[in-house]
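Structure first, then comments.
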Amino acid sequence: MNSLRWHDKLYIGRNASGNKDTLMKQLYAGDIPAGFYLITLPVQQENQLQIFSARNIQPWLERTGPLTVVGIASDYEEAQQLVAEMTQDSLQLFQEPCPRKLFESDCSDDPTGR
């Protein structure tokens with residue numbers, strides 16, 4: 001699934017952290033595991049972030065083109081927690097709840113991080 005770009009500042013949920021490299025390689029190969037969620041930069045500018053089930057991301061990629069992944073979570077609740085953490089980080093850095101600003105550069109197409 002080479003339509004995914006991986007941000008260098010990837011947020012990883014506590015329960016997903018041990019599976020990060022495996023999950024990234026599976027997604028890149030098109031072998032999409034159940035249960036994981038990806039947080040991406042938005043397709044539409046008025047949004048801050050988007051949460052996708054890893055199983056359901058392929059139709060979005062076909063419609064929208066490449067997506068930039070900024071977070072990996074083991075379930076939807078963990079994805080929501082990561083978005084809250086990103087929002088808190090943006091409040092500290094920029095004095096506004098704009099998590100998208102955390103990810104304005106530093107992307108990689110290589111799922112292995114090289």
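Filter region 62-114 down to residues that are in contact with a Gly (Cβ under 8 Å, 6 or more places away or on another chain) and charged (D, E, K, R) and give me whichever is modelled with the lowest pLDDT.
This residue is ASP75.
Which one of these is surrounded by fewer than 14 Cβ atoms within 10 Å (Cβ to Cβ) and in contact with a Lys or Arg (Cβ under 8 Å, 6 or more places away or on another chain): ALA84, ALA34?
Just one listed residue meets the conditions, ALA34.
Restricting attention to region 25-60, which residues are among the polar types (S, T, N, Q) and over 18 Å from ALA79 (Cα atoms)?
Residues satisfying the conditions are GLN26, GLN44, GLN45, GLN58.
The values are calculated or read from the model by the stated rules, or taken from the named source; none is laboratory data. Keep in mind the model is a prediction, meaning the values are calculated, not measured. Methodologically, a virtual Cβ is constructed for each residue, glycine included, from the backbone with ideal geometry; neighbour enumeration extends over all protein chains shown.
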